[in-house]
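Here's the structure we're looking at; comments come further down.
The values are calculated or read from the model by the stated rules, or taken from the named source; none is laboratory data. On a predicted model such as this, the values are computed, not experimentally measured, just so you know. Quick reminder, even Gly has a Cβ in these numbers, built from the backbone with ideal geometry, and neighbours come from all protein chains shown. With ligands, DNA and RNA removed, areas are computed over all heavy atoms of the protein, side chains included. Shrake-Rupley method; radii C 1.70, N 1.55, O 1.52, S 1.80 Å.
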Amino acid sequence: QVQLVESGGGLVQPGGSLRLSCAASGMMFSIYAMGWYRQGPGNERELVAAITRGGTTNYADSVKGRFTISRDNAKNTVYLQMNSLKPEDTAVYYCRRQSSPLWGQGTQVTVSS
């Protein structure tokens, strides 16, 4: 069964950090580009960061310099390190196998004092 499972979300104070993980199974993870998306209250789902199979990354302007996407092909996992979190980063975060309908179930990130 092909699936993506996110973890690592939670409640954090402004300025804090979280690391999200997305574990893939049932697929040849290393050959796919992967992405992290988020959907905040009342907003459409948006791309936060993406990484190609070769390790090239790109980021939404709103998170550049604060978030880092990475992958560990040996562990079939993609990560999103989030630093200097802001209340506007509050959202459900999803990982996706890029250019496919395969999504994870999402993990809630709440940034609040």
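Annotation note: trypsin sites (Lys or Arg not before Pro) in segment 1-50 located in DSSP loop regions with a Cβ neighbour count of at most 16 within 10 Å are R45.
Once the piece of chain linking S62 and M28 is laid out straight, how much longer is it, given 0.36 nm per residue of separation minus the C-alpha distance between them?
Working: separation 34, 0.36 × 34 = 12.24 nm, distance 3.09 nm.
Length gained between S62 and M28: 9.1 nm.
Placing dummy labels 7 Å off each Cα toward the beta-carbon, the span from S112 to T52 is 4.0 nm. The largest accessible area among I31, I51 belongs to the first residue in I31, I51, and the rest follow in falling order (1.4 Å probe, all chains).
Using a 1.4 Å probe on the protein chains only, how many percent of the accessible area of the chain belongs to carbon and sulfur? Intermediate results must be reported in sequence, preceding the final value.
Numbers: 2680 of 5810 Å².
Reported share for carbon and sulfur atoms: 46 percent.
Please get the size of the charge dipole for segment 71-113, origin at its Cα centre, with Cβ charges of +1 on Lys and Arg and -1 on Asp and Glu, quoted in debye to the nearest 20. Don't skip to the end; give the middle numbers.
Working: 5 positive and 3 negative charges, 40 e Å.
Magnitude of the dipole: close to 200 debye.
Applying 0.36 nm per residue to the separation of S100 and V2 and subtracting their alpha-carbon distance, the gain on full extension is 34.1 nm.
Karplus-based coupling profile of segment 89-97, in residue order and whole Hz: 7, 4, 4, 8, 9, 10, 9, 9, 7, with θ = phi - 60° in 6.51 cos²θ - 1.76 cosθ + 1.60 and x standing for Gly or Pro. Evaluated with a Cβ-only charge set (Lys, Arg +1; Asp, Glu -1), the chain carries a dipole of roughly 260 debye about its Cα centre, given to the nearest 20. For the chain, compute Rh as the Kirkwood radius over C-alpha pairs and then the Stokes-Einstein diffusion coefficient at 10 °C and 1.306 mPa s; write the answer in µm²/s, rounded to an integer. Roughly 114 µm²/s, to the nearest whole number.
Largest GNM mean-square fluctuation among D89, D61, D72, using the chain with Cα springs under 10 Å: D61. Where in segment 1-28 is the amide nitrogen less than 11 Å from a point lying 7 Å along the Cα-to-Cβ axis of S84? Backbone N within reach: 15. Relative contact order (percent) for the chain, with alpha-carbon contacts under 8 angstrom and 6 or more residues of separation? Computed over the chain, the figure is 37 percent.
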